[in-house]
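Engineer: Could you have a look at this structure, given as structure tokens, before my questions?
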Amino acid sequence: QVQLVESGGGLVQAGGSLRLSCAASTSIGSIDFMGWYRQAPGKQRELVAAFTGDGVTNYAGSVKGRFTISKDNAKNTVNLQMDSLKPEDTAVYYCKAIFRRSIYWGQGTQVTVSS
């Protein structure tokens with residue numbers, strides 16, 4: 001089992017920055033997939049950025065060039081640096097992990113970008 005705890009959400013003005021962190025209860029080196037998703041009201045949950053098992057990073061087109069995913073193996077965290085935020089980035093952001101073929105989600109953290 002893997003427990004995921006997100007932190008770092010909040011309210012920011014358009015053009016501002018936030019940094020989200022997802023702490024895993026196990027070594028992230030042993031996790032096959034870790035990524036960030038988001039869900040806005042009335043919309044489906046969507047991929048924002050992720051590390052695949054071979055270390056490749058994937059980004060949604062809408063965030064490419066503005067968001068950066070990174071990981072800290074010593075702290076077992078996966079982070080999402082979000083710059084040049086837009087009101088349309090407003091959503092609940094979730095951390096997802098796939099470990100030994102099971103999917104795990106964090107509880108989510110709210111990001112609100114005001115115009």
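The values are calculated or read from the model by the stated rules, or taken from the named source; none is laboratory data. Everything numeric in this text was worked out from a predicted model, so none of it was measured. Ideal geometry is used to build each Cβ from the backbone, glycine not excepted, and the neighbour counts take in all protein chains shown. These accessible areas exclude ligands, DNA and RNA; they are computed on the full protein's heavy atoms, side chains included. Shrake-Rupley method; radii C 1.70, N 1.55, O 1.52, S 1.80 Å.
Engineer: Using beta carbons and a limit of 7 Å, which pairs, at least six apart or on different chains, have the first residue in the stretch 46-62 and over 14 Å from Leu20 (Cβ atoms) and the second one modelled with pLDDT under 85?
Structural biologist: These pairs meet every condition: Asn58/Thr52.
Engineer: Moving on to the next point. Suppose we keep only residues that are in contact with a helix residue (DSSP H, G or I) (Cβ under 8 Å, 6 or more places away or on another chain) and of a type outside the set (D, E, K, R) within the stretch 51-76. Which one would you say is most open to solvent (accessible area, probe 1.4 Å)?
Structural biologist: The extreme case among them is Asn73.
Engineer: Another question, if that's okay. Which one of these is closer than 15 Å to Gly8 by Cα and either open to solvent by 40 Å² or more (accessible area, probe 1.4 Å) or modelled with pLDDT under 95 (or both): Gln39, Gln107?
Structural biologist: Checking each option against the conditions leaves just Gln107.
Engineer: I'd like the full set of residues that are in contact with a Gly (Cβ under 7 Å, 6 or more places away or on another chain) and either farther than 14 Å from Lys96 by Cβ or in a strand (DSSP E or B) (or both), limited to the stretch 10-34.
Structural biologist: Matches in the stretch 10-34: Leu18, Arg19, Leu20, Ser21, Cys22, Phe33.
Engineer: Also, quick follow-up: Could you please find all residues in the stretch 1-19 being farther than 14 Å from Lys75 by Cα and open to solvent by less than 50 Å² (accessible area, probe 1.4 Å)?
Structural biologist: Selection gives Val2, Gly8, Gly9, Gly10, Val12, Gly16, Leu18.
Engineer: Name the residue that is nearest to the chain's Cα centre (by Cα), counting only residues in the stretch 22-33 that are surrounded by 19 or more Cβ atoms within 10 Å (Cβ to Cβ) and at pLDDT 95 or above.
Structural biologist: Checked the stretch 22-33; the qualifying residue nearest to the chain's Cα centre (by Cα) is Cys22.
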